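Asker: Have a look at this one before I ask anything.
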Amino acid sequence: MQEKHLLSPSWFVDIRLKFRHLQLLQALSRHNTLQSAAESLGLAQPAASRLLGDLEDVIGLPLFQREGRRLVINAYGSVLTRHANNLLDELDRTRDEFNALLSGGAGNVSIGAIDGPVVDLLTTAVINIQRDNPGISLEIRTGSSIGLFHDLMNGDIDIMIGRPPEDTRSMACHYTPIGEEPMVIAARQNHPLFRKATPVRLEDMAPFPWVLQRKGGKSRSRLESIFQDRNLPLPKDIIGSDSLVMTLAYLEKTDALTVLSAAVANQQAKYRQIQIVSSDVNIAISSYGILMLKSRNQSRPTMTVLDELEKTLRPAIGG
């Protein structure tokens, strides 16, 4: 039986990783040839080849499969590249924190959130953070839980407010549950459905077009399962989009229906952009919460923002 190849505890010291090694791994994750990766770093290809050879010699395993001029990353290369990206991200964060201090600020924190919490929770928390910690610069992005989790794992955001994935990747995160996000069905003002008696049956909604999350999204999957439970065929005309702006624009110009967070729908209905459909459908989906990577050493500004989020959330969390 062949003895397993294991790295010694001192492998990282032995490899004497330099900044160029990390940069090369990052470049190789973005380019499919060594030549392109080398050019992006301003290196000659032989120099880049030597750097890659150094890494593979110390580890004793190939990190990429050679397919002609192309390099295809393997499982070992994926692990090393992911951590190289994390190290480079930490260096960038260190620079940003230093620059923030030098310029009189406190630091930068990026937050990703699904649409519902942005309307209710996050807006209140941001107001409080700006009031009490004016030196913290906030960057906020919205999207689906799937997309935001990808951003969190890649180090593009510090804090995620959304639903964790159902696979084992969620074990890489600290998770603080908040609660369920109420969902409703909505349409444009004066939609033909509003001339029917309420509550509107799912059978009456089925013939209309829909604009829903992309395939795999929680609310879309839940609606599809409701159709199946009632032995109804899925609507034939479905547009998939995670963009709230696109969804609202599509509703305005068509007879389409959609599934929205109740908080978002109520806000849009207040300005008469949409109308909530009173229906016999209860779209309950899994709870959402706050996610942060366990592997990342969080900055002081990030922890300050987290404290404020948890303070705002305390009634929902049950604290």
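The values are calculated or read from the model by the stated rules, or taken from the named source; none is laboratory data. Bear in mind that the values here come from a model prediction, so they are computed numbers and not experimental data. Here the Cβ positions follow ideal geometry from the backbone for every residue, glycine too, while neighbour counts run over all protein chains shown. The area values use the complete protein model at the heavy-atom level, side chains included, leaving out ligands, DNA and RNA. Shrake-Rupley method; radii C 1.70, N 1.55, O 1.52, S 1.80 Å.
Asker: Just to be sure I understand: with springs between alpha-carbon atoms less than 10 Å apart, which residue in GLY155, GLY240, GLY116 has the highest mean-square fluctuation in the Gaussian network model of the chain?
Answerer: Its mean-square fluctuation being the largest, the pick is GLY240.
Asker: Moving on. Quick check: convex hull of the Cα atoms in segment 203-301, volume per residue, rounded to a whole Å³? Display every interim value, and only then the final one.
Answerer: Details: hull volume 14.5 nm³, N = 99.
Given the Cα convex hull of segment 203-301, per-residue volume reads 147 Å³.
Asker: Would you please give the FRET efficiency between ILE276 and ASN297, computed as 1/(1 + (r/R0)^6) with r the Cβ-Cβ distance and R0 = 41 Å, to the nearest 0.05? Can you show the working numbers first?
Answerer: Details: r = 44 Å, r/R0 = 1.07.
Between ILE276 and ASN297 the formula returns 0.40.
Asker: If you don't mind, another one. Report P(r) for segment 16-81: all Cα-Cα distances, bin width 5 Å, range 0 to the bin holding the largest distance, values in whole percent.
Answerer: With a bin width of 5 Å, the distribution comes to 3, 19, 34, 30, 12, 1.
Asker: Which residue, VAL200, VAL245, VAL109, tops the fluctuation ranking in a GNM of the chain built on C-alpha contacts under 10 Å?
Answerer: Per the Cα network of the chain with a 10 Å cutoff, VAL245 tops the list.
Asker: What FRET efficiency do you get for ASN154 and GLN228 if R0 is 25 Å and r is their Cβ-Cβ distance, rounded to the nearest 0.05? Present the calculation step by step, with values, prior to reporting the outcome.
Answerer: Details: r = 34 Å, r/R0 = 1.36.
So, using R0 = 25 Å, E works out to roughly 0.15.
Asker: Continuing with this model, one more query. Within the P(r) computed for the chain, what percentage of the Cα pairs occupies the region above 25 Å?
Answerer: Details: 31363 of 50721 pairs.
Counting pairs separated by more than 25 Å, the tail of P(r) holds 62 percent.
Asker: For segment 111-219, just run the numbers: alpha carbon Rg, then divide by 2.2 N^0.38 Å, N being how many residues it has. Walk me through the numbers before you get to the answer.
Answerer: On the way: Rg = 18.0 Å, N = 109, 2.2 N^0.38 = 13.1 Å.
Relative to the 2.2 N^0.38 Å estimate, segment 111-219 comes out at 1.37.
Asker: With r defined as the distance between the Cβ atoms of ARG66 and ARG20 and R0 fixed at 30 Å, what FRET efficiency is calculated, to the nearest 0.05? Walk me through the numbers before you get to the answer.
Answerer: Details: r = 21 Å, r/R0 = 0.70.
In this case the efficiency is close to 0.90.
Asker: Something else: Which residue, TYR175, TYR250, TYR271, has the most motion in a Gaussian network model of the chain that connects Cα atoms within less than 10 Å?
Answerer: Of the options given, TYR271 has the highest mean-square fluctuation.
Asker: If you don't mind, there's one more thing I want to ask. Could you work out how far the C-alpha centroid of segment 109-152 sits from that of segment 252-301, in angstrom?
Answerer: Distance between centres, Cα-based: 14 Å.
Asker: Could you point to the residue in SER278, MET292, VAL259 farthest towards the positive end of segment 235-319's charge dipole, with +1 and -1 charges on the Cβ of Lys/Arg and Asp/Glu respectively?
Answerer: The residue sitting farthest along the positive end of the dipole is MET292.
Asker: In whole Hz, with x marking every Gly and Pro, tabulate ³J(HN,Hα) for segment 159-165 from phi via Karplus 6.51 cos²θ - 1.76 cosθ + 1.60, θ = phi - 60°.
Answerer: 10, 10, 10, x, 9, x, x
Asker: Taking the solvent-accessible surface of protein heavy atoms with a 1.4 Å probe, what is the per residue accessible area of segment 165-270 in Å²?
Answerer: On the way: 5770 Å² over 106 residues.
Computed with neighbouring chains in place, this is 54 Å² per residue.
Asker: A follow-up question, please. Which order do GLU203, GLU166, GLU181 take when ranked by solvent-accessible area (1.4 Å probe, heavy atoms of all protein chains), largest first?
Answerer: GLU166, GLU203, GLU181
Asker: Only bridges with both residues in the chain count here: give the DSSP antiparallel percent, nearest 5.
Answerer: Working: 20 of 35 bridges.
Taking every DSSP beta bridge with both residues in the chain, the antiparallel ones total about 55 percent.
Asker: With only Lys, Arg, Asp and Glu charged, each at its Cβ (+1 for the first two, -1 for the last two), find how big the charge dipole of the chain is about the Cα centre; round to the nearest 20 debye.
Answerer: For this selection, approximately 440 debye.
Asker: Quick one, can you get me the convex hull of the C-alpha atoms of segment 164-234 expressed as volume per residue in Å³? Working shown, then result.
Answerer: Values: hull volume 9.7 nm³, N = 71.
It is 137 Å³ per residue.
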